[in-house]
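Shown next, in structure tokens, is the structure this report addresses.
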Amino acid sequence: MTDTSPGSATAAGSAAAWTPSLRELERRAVRRRLRRRSLLVASGLVVLVLLALGVAITSSPGWPNVKELFFSWEHAKAVFPDVLDGFWLNVRLFLICEVVILVLGLLVALARVARSPWLAPVRVLAVVYTDLLRGIPTLLLVLMLGFGMPALGLQGVPISGTFWAGVALVLSYSAYVAEVFRAGIDSVHPSQVASAQALGLSRPQALRFVVVPQAVRRVVPPLLNDFVSLQKDTALVSAVAVFDAVFAARDYAAYNFNYTPYVVVAAFFVVLTVPLARFTDWLQRRWLARERAGQL
Amino acid sequence: MSALLEVRGLRKTYGDRLVLDSVDLDVRAHDVVCLIGSSGSGKSTLLRCLDLLEDVDDGTITLGGVEISDPLVDPREVRKRVGMVFQAYNLFPHLSVLDNCTLAPRRVHGDSRAAAEERALGLLDQFGLAEHARKHPDRLSGGQQQRVALVRALCTGPDLLLLDEITAALDPELVGEVLTIVRDLAAAGTTMVLATHEMAFARDVATKVCFLHQGRILEQGPPDQLFTAPREDRTRQFLARVLPTAG
Ligand SMILES: Nc1ncnc2c1ncn2[C@@H]1O[C@H](COP(=O)(O)OP(=O)(O)OP(=O)(O)O)[C@@H](O)[C@H]1O
Ligand SMILES: [Mg+2]
């Protein structure tokens, strides 16, 4: 089986024109076969499970009713433009909130890990903020700010319900995101701070250049989780009569006694989420490939 | 006598970079093989290939008569027989010293907790670590951590021990402490392949020394021959650099 290559290891040369040995070719064939087999098993199982689910659902007694109520092509077509308009609002809300939440969340997390005595009041404030805001259901926050702030009638305070609903989302999610960041910062080994400080970096510098970059990479998956959740929770603004996708769908559904619009909106949200998830997966893999190559 | 470990024509590349090139190596039971060579010559990569941590690009590795470079061989079965210790200790920080040592015996070899702990405590005691058994690794000094890593590898009773520059991160005082243990293991007949920069130590314990240069074993032989009368110029230059006083 083993093709014993001739004699001593000291013989130089023969390196330039290397051709894989028979054994290696055989091994590659085996590896290929193993890969193909696991691919086959994986795809076979997926198809099987999907088929079984499909059959189970479509053969249930109430299926024709459900199909008419939830999956009507005519209603889907009719509601599509309104939902699309509304959804654009959800997307904008999401994009703007996301950026603000990232910044605010990181600032709150940094305030919580700060050591400087001058920052003690900020630290207390940050703790109170996260404890309080994580405790309040997001829907309540949206209702309170969305109806309450405009009603105050203060000079210079925006009266748009959309604006205040967005603020509510930002406040609520920043508290979550701050905790995610803090967990990431805490997970970086103290020896990293020690070696940064040994290079003469101050503690804030060590955080800024060494700890936070590592922490951010670690928390990308849980952050994505929060953002997917945020995308969906932009639907909560419909509670304060903002004309978003869900509001449009509910409007249509109430008027036509058909729930297809909800399915359409759900599809919109899924279509928005999946590329984001794939993108972060890709980003994460690239970081790992660069940093972990053969490292022990 | 047939070899415990037989390497033939081993080749390993990272992308375009050729890291190991037609490496041949025989390790018989109770051998202590020292890999020497300058930084980047491929010592760590060779050890990683031997432990199947890397897929090789050509050549064969045979352990106890079975070709383990075969893709159909389960690497876990191989690693039950082979212990490896890394330069950076790689202890698990969330487990106590004792739990680090009993993890594999209990989860992989199916030993009972009592049996695994008894064995681990015995070895820890032998290596002067008994008082640290309940501590977490971060609390120990570098030398102590490296000794724990050695004990962890020994707890499964491996046929072959792979040691990758296990003293490179230690200060000279601690180097002695770890090398004494390796010397004891060698005297007890443990089969080892170790990459090292400690020439005096290699000369002392090795039954065979291999000089690696740019991914090839340029020269191998018993330490007396290789250190005093190297055949290759490259070996002589390397030795002149690392042993300024030696002739
Ligand atoms: N994952 C990797 N990707 C690309 N190149 C690598 C990788 N791992 C090692 N190398 C390269 O392979 C070569 C051999 O590395 P290796 O770690 O085996 O050297 P070494 O002999 O152990 O050196 P040292 O004495 O410094 O530990 C080096 O030139 C290194 O750059
Ligand atoms: Mg190395």
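Within segment B:20-41, take every residue that is within 19 Å of the chain's Cα centre (by Cα) and under 20 Å from A:R23 (Cα atoms) and give me the one that is farthest from ligand 2 (Cβ to nearest atom).
B:D26
So B:S69 ticks every box in (1) of a type in the set (G, A, S); (2) away from every other protein chain (no Cβ under 12 Å); (3) over 25 Å from B:G221 (Cβ atoms) but one. Which box is left unticked?
B:S69 satisfies every listed condition except (2).
Cβ contacts < 7 Å: first residue within 12 Å of ligand 2 (Cβ to nearest atom), restricted to segment B:159-172; second residue aromatic (F, W, Y), any location; separation 6+ or different chain. Result?
That search, which allows pairs on different chains as well, returns B:D164/B:F86.
Just one of (1) away from chain A (no Cβ under 13 Å); (2) more than 16 Å from ligand 2 (Cβ to nearest atom) trips up B:L194, so point out which.
It fails just one condition, (2).
Is there a residue being in a helix (DSSP H, G or I) and within 16 Å of ligand 2 (Cβ to nearest atom) anywhere in segment B:126-148?
Yes: segment B:126-148 contains one or more residues that are in a helix (DSSP H, G or I) and within 16 Å of ligand 2 (Cβ to nearest atom).
Here's the yes/no breakdown for (1) closer than 20 Å to A:L223 by Cα; (2) buried (at least 19 other Cβ atoms within 10 Å of the Cβ); (3) within 14 Å of chain B (Cβ to nearest Cβ):
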| residue | (1), (2), (3) |
| --- | --- |
| A:L145 | no, yes, no |
| A:A151 | no, no, no |
| A:G161 | no, yes, no |
| A:V167 | yes, no, no |
| A:A175 | yes, yes, no |
| A:H189 | no, no, yes |
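Give segment B:165-201 a look and list any residue that's of a type in the set (S, T, Y), within 16 Å of ligand 1 (Cβ to nearest atom) and at pLDDT 90 or above, or say none.
Scanning segment B:165-201 gives a single hit, B:T196.
Residue check: is B:S44 within 13 Å of another protein chain (Cβ to nearest Cβ), within 14 Å of ligand 2 (Cβ to nearest atom) and not in a loop (DSSP other than H, G, I, E, B)?
yes
Quick grid of which residues meet (1) within 11 Å of ligand 1 (Cβ to nearest atom); (2) part of a strand (DSSP E or B):
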residue	(1), (2)
B:E6	no, yes
B:T13	yes, yes
B:L35	yes, yes
B:T60	no, yes
B:D70	no, no
B:P93	no, no
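Scan segment B:123-145 for residues that are more than 22 Å from the chain's Cα centre (by Cα) and within 14 Å of B:G157 (Cα to Cα) and report the count.
Count: 0.
Is one or more of the residues making up segment B:2-10 within 16 Å of ligand 2 (Cβ to nearest atom) and within 8 Å of chain A (Cβ to nearest Cβ)?
no
Starting from segment B:231-242, keep only residues that are more than 14 Å from chain A (Cβ to nearest Cβ), then list their pairs with residues that are part of a helix (DSSP H, G or I) and of a type in the set (D, E) whose Cβ atoms are within a distance under 7 Å, requiring at least 6 positions of separation or different chains.
Note: no pairs meet the criteria.
So if I check each of B:N100, B:N90, which one is within 11 Å of chain A (Cβ to nearest Cβ) and of a type outside the set (A, V, I, L, M, F, W, C)?
Of the residues listed, the single one that is within 11 Å of chain A (Cβ to nearest Cβ) and of a type outside the set (A, V, I, L, M, F, W, C) is B:N90.
Quick check on my filter: what residues within segment B:53-63 are away from ligand 2 (no atom under 16 Å from the Cβ) and more than 18 Å from B:D24 (Cβ to Cβ)?
Once the filter is applied, which keeps residues that are away from ligand 2 (no atom under 16 Å from the Cβ) and more than 18 Å from B:D24 (Cβ to Cβ), segment B:53-63 yields only B:D55.
The values are calculated or read from the model by the stated rules, or taken from the named source; none is laboratory data. Here the structure is a predicted model, which is why all the values come from computation and not from measurement. Cβ atoms come from the backbone with ideal geometry, glycine included; neighbour counts cover every protein chain shown.
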